[in-house]
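Visitor: Got a structure for you, written out below as structure tokens; questions coming shortly.
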Amino acid sequence: MTARRTALLVIAFAFLAAGCGSSRYTVIEPPKESVRDFKTLEIRDFTSNLQDADSIRLADQFADRLYEAVQEDRKEHPGESIFEQVVRGADATGEVLVLDGTILSFEKGSRAKRYFIGFGAGKAFCTIQSTFTDKASGQEVLKTNFDGELSMSFFGGSADEAVDAVVAAYIDYLRDYFAKSTAKSLVRMPC
């Protein structure tokens, strides 16, 4: 019985130490044309509407981070994406859907408040707005906001977990709207 109790305590501790991040996406402008007509998703560098150093650093790193997560998801779920390829940069040609993103909000919050108070105090959050554009015509196809937050954690968690939640929202969105299957998942709460 003690081994079982110890195992449960270790699991509970790991759960609390990992933090409680959540993510979601909101479609601002629904697709104006079929996204299934595109063979390539081109992820461009992100920008920031905010001028603080943390937001600018996040914008500089986010496209690579998202690209890596998309590639990992494609490895885990081969053949499920409608895109034949996902690329970084601006060199793709053909039937290309371009993904541009802008940091709208990024707040690291207070690790101490998340640790000592929790329940939303010191919350870290991030919102990124993305437009998907037909590269050939230059016409915007759709626009979506992606949100992530970390509201509590045993050790206060890192604001980076809120950014991870935004990446998770993108992955959910790409699975929901750009996959061969039609499974839907609007809110992802890993804890």
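Visitor: Which of the residues belonging to the stretch 19-44 are more than 24 Å from Thr93 (Cα to Cα) and open to solvent by less than 70 Å² (accessible area, probe 1.4 Å)?
Guide: Listed by number, the residues that qualify are Gly19, Cys20, Gly21, Ser22, Ser23, Tyr25, Thr26, Val27, Glu29.
Visitor: Give me the residue from the stretch 45-54 that is closer than 16 Å to Leu99 by Cβ and assigned to a loop (DSSP other than H, G, I, E, B) and, out of that set, most open to solvent (accessible area, probe 1.4 Å).
Guide: My answer is Asp45.
Visitor: Lys75 - would you say it is at pLDDT 90 or above, out of contact with any strand residue (DSSP E or B) (no Cβ under 7 Å at 6 or more places or on another chain), farther than 23 Å from Gly138 by Cα and open to solvent by 70 Å² or more (accessible area, probe 1.4 Å)?
Guide: So Lys75 fits the description; yes.
Visitor: Of all residues in the stretch 62-82, which are without any contact (Cβ under 8 Å) to a residue 24 or more places away in the chain and not in a helix (DSSP H, G or I)?
Guide: Across the stretch 62-82, the qualifying residue is only Pro78.
Visitor: Within the stretch 154-180, restricting attention to residues that are assigned to a helix (DSSP H, G or I) and in contact with a Phe, Trp or Tyr (Cβ under 7 Å, 6 or more places away or on another chain), which residue is modelled with the lowest pLDDT?
Guide: Ala162
The rows are residues; the columns are (1) of a type in the set (S, T, N, Q); (2) assigned to a strand (DSSP E or B); (3) modelled with pLDDT under 90.
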position	(1), (2), (3)
Ile56	no, no, no
Asp60	no, no, no
Gly94	no, no, no
Leu104	no, yes, no
Ala121	no, no, yes
Ala136	no, no, no
Leu142	no, yes, no
Gly148	no, yes, yes
Met152	no, no, yes
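Visitor: Residue pairs, Cβ under 8 Å, 6 or more apart or interchain, first in the stretch 83-102 and more than 19 Å from Ala59 (Cα to Cα), second in a strand (DSSP E or B) and open to solvent by 60 Å² or more (accessible area, probe 1.4 Å). List them.
Guide: That search, which allows pairs on different chains as well, returns Ala92/Gln85.
Visitor: Okay, moving on. Being under 24 Å from Lys180 (Cβ atoms) and open to solvent by 80 Å² or more (accessible area, probe 1.4 Å) is the filter here, so list the residues in the stretch 78-110 that pass it.
Guide: Scanning the stretch 78-110 gives Pro78, Glu84, Gln85, Thr93, Glu95.
The values are calculated or read from the model by the stated rules, or taken from the named source; none is laboratory data. Everything numeric here is computed off the predicted structure, so don't read it as measured data. In this analysis, Cβ positions are derived from the backbone assuming ideal geometry, glycine residues included, and neighbour counts consider all displayed protein chains. With ligands, DNA and RNA removed, areas are computed over all heavy atoms of the protein, side chains included. Shrake-Rupley method; radii C 1.70, N 1.55, O 1.52, S 1.80 Å.
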